[in-house]
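Asker: Let me begin by handing over the structure; questions about it come next.
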Amino acid sequence: MPLRILLADDHLIVRQGLKVLMQREGFEIVGEAADGQQAVRLARDRCPDVAVLDFAMPVLNGLDAAREILRMCPRARVILLTMHTEDRYVHEALRAGISGYIVKTQASADLVRAIREVSRDMTYLSPRVSRTVVQAYLAKSDVPDPLTPREREVLRLVAEGKTTKEVAALLGISVKTSEAHRMRVMKKLETHNTAGIVRYAIRQGLIQI
């Protein structure tokens, strides 16, 4: 049976190009998504063998979508497409359970190989990502994320400038629940204003500046 692939990227032309590439190699595309939240819904319904996710997607970024997908489909493998090669982004991806980390400028060359390797329970990193990054990650003690996946979603949206009502609408929750999540995030991060939330989101790579 061909490997079943979920593909998520908010740029249609990129998604179409990657789809053609993967179909040419005999992979089956079981779903396409334009944002992270849609990718999570499709993964829940179809549980792909491999989810290929762009990092910088609207509504829910690729990293947080990956966390949700791996929680729902533990047997799935996730490959993250990104422009970031900095250590902190790679560390965060590895902590989230990512099996493949591909720099987007190398995607066409790396993706097919990455899919085949992660499907065999291996880890694939683009050549531009230094192997010493992985060694450094494995050598350091792992600090658990203080936020739940939902709290990370709320944090990212707040950091992007969304109001409590807008967060509630985007996540399909009540305004009261949205405000409760916001307050818990601020308490856990020991901050009393939105500026502190924004700084944390930037450090964690949840938003880009």
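Asker: For the chain, what does -39500 (n - 2.57) per DSSP helix run (n ≥ 4), summed and divided by total residues, give at 222 nm, in deg cm²/dmol to the nearest 500? Don't skip to the answer; put the middle values down first.
Answerer: Values: 10 runs with 109 residues, N = 209.
Result for the chain: -15500 deg cm²/dmol, rounded to the nearest 500.
Asker: Taking R0 as 41 Å, what's the FRET efficiency between Arg128 and Asp45 from their Cβ-Cβ distance, rounded to 0.05?
Answerer: The value I calculate is 0.75.
Asker: Using the Karplus curve 6.51 cos²θ - 1.76 cosθ + 1.60 with θ = phi - 60°, work out ³J(HN,Hα) for each residue of the stretch 175-186 in order, rounded to whole Hz, and write x for Gly and Pro.
Answerer: Rounded to whole hertz, the list is 4, 4, 5, 4, 5, 5, 4, 4, 5, 5, 4, 5.
Asker: Could you pull out every residue, at least 5 positions away or on a different chain, whose amide H is within less than 5 Å of the one on Ala56? Hs are placed 1.01 Å off N in the peptide plane, and Pro or chain starts have none.
Answerer: Gly62
Asker: Relative to the present Cα-Cα distance, how much length would full extension add between Arg113 and Val175 at 0.36 nm per residue of separation?
Answerer: Result: 17.9 nm gained on full extension.
Asker: Here's something else I'd like to know. With a 10 Å radius around each residue's Cβ, average the other Cβ atoms per peptide and rank 48-61, 2-15, 174-187, highest first.
Answerer: Ranking, from highest mean packing down: 48-61, 2-15, 174-187.
Asker: In nanometres, what is the gap between the two model label sites at Val20 and Thr163, each 7 Å from Cα along Cα-to-Cβ?
Answerer: My value for the distance between the label points is 4.4 nm.
Asker: Starting from the Cα gyration tensor of the stretch 64-111, take the square roots of the eigenvalues, sort them a ≥ b ≥ c, and report rounded, prolate or oblate (rounded when a/c is under 1.5, otherwise prolate if a/b is larger than b/c, else oblate). Mind showing how you got there, number by number?
Answerer: Values: a/c = 2.66, a/b = 1.46, b/c = 1.82.
Verdict is oblate for the stretch 64-111.
Asker: Calculate the dipole size of the chain relative to its Cα centre from +1 charges on Lys and Arg beta carbons and -1 charges on Asp and Glu beta carbons; express the result in debye to the nearest 20. Working shown, then result.
Answerer: Numbers: 32 positive and 25 negative charges, 66 e Å.
Result for the chain is approximately 320 debye, rounded to the nearest 20.
Asker: Residue-wise, which Karplus ³J(HN,Hα) couplings in Hz belong to the stretch 66-75, taking 6.51 cos²θ - 1.76 cosθ + 1.60, θ = phi - 60°, and x for glycine or proline?
Answerer: In residue order, the calculated couplings are 4, 4, 5, 4, 5, 5, 7, 10, x, 7 Hz.
Asker: Listed highest first by mean packing, meaning other Cβ atoms within 10 Å per residue, what order do 40-47, 165-172, 98-105 come in?
Answerer: 98-105, 40-47, 165-172
Asker: Compute the Cα gyration tensor for the stretch 4-139, then decide on rounded, prolate or oblate, letting a ≥ b ≥ c be the square roots of its eigenvalues: rounded whenever a/c is under 1.5, prolate when a/b is larger than b/c in the other cases, and oblate in all that remain. Don't skip to the end; give the middle numbers.
Answerer: On the way: a/c = 1.45, a/b = 1.29, b/c = 1.13.
Here the stretch 4-139 falls in the rounded category.
Asker: Right, another one. Compute the distance from the alpha-carbon center of the stretch 142-209 to that of the stretch 105-128, in whole Å.
Answerer: Each part reduced to its Cα centre gives a spacing of 32 Å.
Bear in mind these aren't lab numbers, they're just calculated from the coordinates by the rules spelled out. The shown structure was predicted, so the numbers you read here are calculated from the model rather than taken from an experiment. Cβ coordinates were reconstructed from backbone atoms using ideal geometry, including for glycine residues, and neighbour counts include every protein chain displayed.
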